[in-house]
Amino acid sequence: MVAAAPRATVRIGGARVTFLPDGYGRLNPDVLFPASAPDGWSTHAAYLDDDGRFPVSVGAFLVRTHDRAILVDLGLGDVAFGIPGVADFRGGALLDSLAEEGLTPDDIDTVVYTHLHHDHVGWTTNVAPAPDTVANQCVTGLTFASARHLVAEAEWRHWAGTDDPVGPHPDAVQAPLAQHIAFLADGDEVAPGVRVLATPGHTPGHISLVVTDPTGEDDDRLVILGDVMHCQVQVTESSWNFAFDVDPAQSVATRELLLKELEDEHTLLAGGHFAGHVFGRVLPPRAVRTWQRRTPA
């Protein structure tokens, strides 16, 4: 049975990229991928669990070079909740996953958000911004207090002042970050070998990150997708939008453009919501594109 992905690492020359699990979700596939109904999953049943739910991984990516430790996204936080008929979520393991890499929150120098949905900002503070979890809790500060916190400006402006349940809660995330957040743009270098790639559609300011060898000796690269895709099925079914895509047409266009660019033997993908294995490649289409898992180092 397919399940959430475990901790795993790949190397891109002098850079190491590690998936750090925080938790998982179990989603209603027909609700979250409306274009898949009524029987689109019949050829993709391997990605469903025994109850017909669509499992997703939730976590963060740790990018390490010789002197940098960067976290990409911050998971769900220490929460468990359900949305009847739609999904169930559980988080809470991120700091333990980080400790298994020999690191503490004080060791992280940079946090990069691909976007600000609640399952990507959960460890921003000690209070996870999940439905019905913030009331009567006291926010004590940023979890990664020593780190720079970076996001695309369009993403920050889109959510600022809102209290959308799928977004960054105004008290648990927006207010604590307001005096610390800095903005990124397409092409910006976060660190040597780590570059921003604008991939809007899922949200207005959604970004991905391209990781290359900081020494320049290795030709491989890795693209941390964020939510450009939620499942390996979208490599083949690239027209399937996720229900919470803000701009469905742009989401498809971004995904199609990126997939064409990624049909390259030197390019790995990292899908933070991919079940089973988060690292892999896009194989050029014969009849259709396919996914090939990458065995971690």
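Since every read-out is calculated from the coordinates, none of them should be taken as a lab result. Nothing here was measured: the structure is a model prediction, and the numbers come from that model. When we count neighbours, we look across all protein chains shown, and the Cβ atoms used for this are built from the backbone with ideal geometry, even at glycine.
Could you please report the charge total around Gly52, scoring K, R as +1 and D, E as -1 over all other residues with beta-carbon less than 15 angstrom from its beta-carbon?
Numbers: positive: Arg26, Arg53; negative: Asp30, Asp39, Asp49, Asp50, Asp51, Asp88.
So the environment of Gly52 carries a net charge of -4.
At what distance in angstrom do the alpha carbon centres of region 12-90 and region 146-209 lie from each other?
About 19 Å separates the Cα centre of region 12-90 from the one of region 146-209.
Using the number of other C-beta atoms within 10 angstrom as an exposure proxy, rank Thr125, Thr140, Thr162 with the fewest first.
Thr140, Thr162, Thr125
Counting Lys +1, Arg +1, Asp -1, Glu -1, what net charge surrounds Pro38 among other residues with beta carbon under 15 Å of its beta carbon?
Taking every Cβ under 15 Å from that of Pro38, the sum is -3.
For a paramagnetic label modelled at 7 Å from the Cα of Ala46 toward its Cβ, which residues of region 216-239 fall within the zone defined by backbone nitrogen distances under 12 Å?
232-233, by backbone N distance to the label point.
Where both residues lie in region 183-283, what percent of DSSP beta bridges are antiparallel, nearest 5?
In region 183-283, approximately 75 percent of DSSP beta bridges are antiparallel ones.
If you average the sequence gap of Cα pairs under 8 Å that are 6 or more apart and divide by the length of region 193-297, what percent do you get for the contact order?
About 24 percent, as a whole number.
Give the residue from Ala147, Leu259, Pro168 lying farthest towards the positive end of the charge dipole for the chain; charges sit on Cβ (+1 for Lys and Arg, -1 for Asp and Glu) and the dipole is referred to the Cα centre.
Looking along the dipole axis, the top candidate is Leu259.
Counting Lys and Arg as +1 and Asp and Glu as -1, each charge on the Cβ, what is the dipole of region 127-222 about the Cα centre in debye, to the nearest 20?
340
What is the magnitude of the charge dipole of the chain about its Cα centre, with +1 placed on the Cβ of each Lys and Arg, -1 on the Cβ of each Asp and Glu, and no other charges, expressed in debye to the nearest 20?
Details: 19 positive and 40 negative charges, 84 e Å.
Rounded to the nearest 20 debye, it is 400 debye.
Please give the contour-minus-distance gain from Ala35 to Ala249: 0.36 nm per residue of separation, less the Cα-Cα distance, rounded to one decimal in nm.
75.8 nm
If I take all pairs of Cα atoms in region 154-268, what percentage of them are more than 23 Å from each other?
Details: 2522 of 6555 pairs.
Percentage above 23 Å: 38.
List the relative contact order of the chain as a percent without decimals, with contacts defined as Cα pairs under 8 Å and 6+ residues apart.
The value is 18 percent.
Could you calculate, for region 69-179, the ratio of the Cα radius of gyration to the Kirkwood radius, expressed as Rg to Rh? Could the numbers behind the result be given before it?
Details: Rg = 13.4 Å, Rh = 14.2 Å.
Over the Cα atoms of region 69-179, Rg/Rh equals 0.95.
Along the Cα→Cβ direction, 7 angstrom out, place labels at Thr295 and Arg148. What is the inter-label distance in nm?
The answer from the label model is 3.8 nm.
If the viscosity is 0.890 mPa s and the temperature 25 °C, what translational diffusion coefficient in µm²/s does Stokes-Einstein give for region 9-88 when Rh comes from Kirkwood over Cα pairs?
Rounded, D is 165 µm²/s.
Using a Gaussian network for the chain with springs between C-alpha atoms less than 10 Å apart, which of these wobbles most: Gly187, Gly276, Gly85?
Between Gly187, Gly276, Gly85, it is Gly85 that shows the largest mean-square fluctuation.
Would you mind listing how long the chain runs along its three principal axes, going by Cα atoms, in whole Å with the largest first?
Cα spread of the chain along its principal axes, largest to smallest: 52, 50, 34 Å.
Could you calculate the FRET efficiency of Ala99 with Ala198 from 1/(1 + (r/R0)^6), where r is the beta carbon distance between them and R0 is 25 Å, rounded to 0.05?
Efficiency computed from Cβ-Cβ geometry: 0.15.
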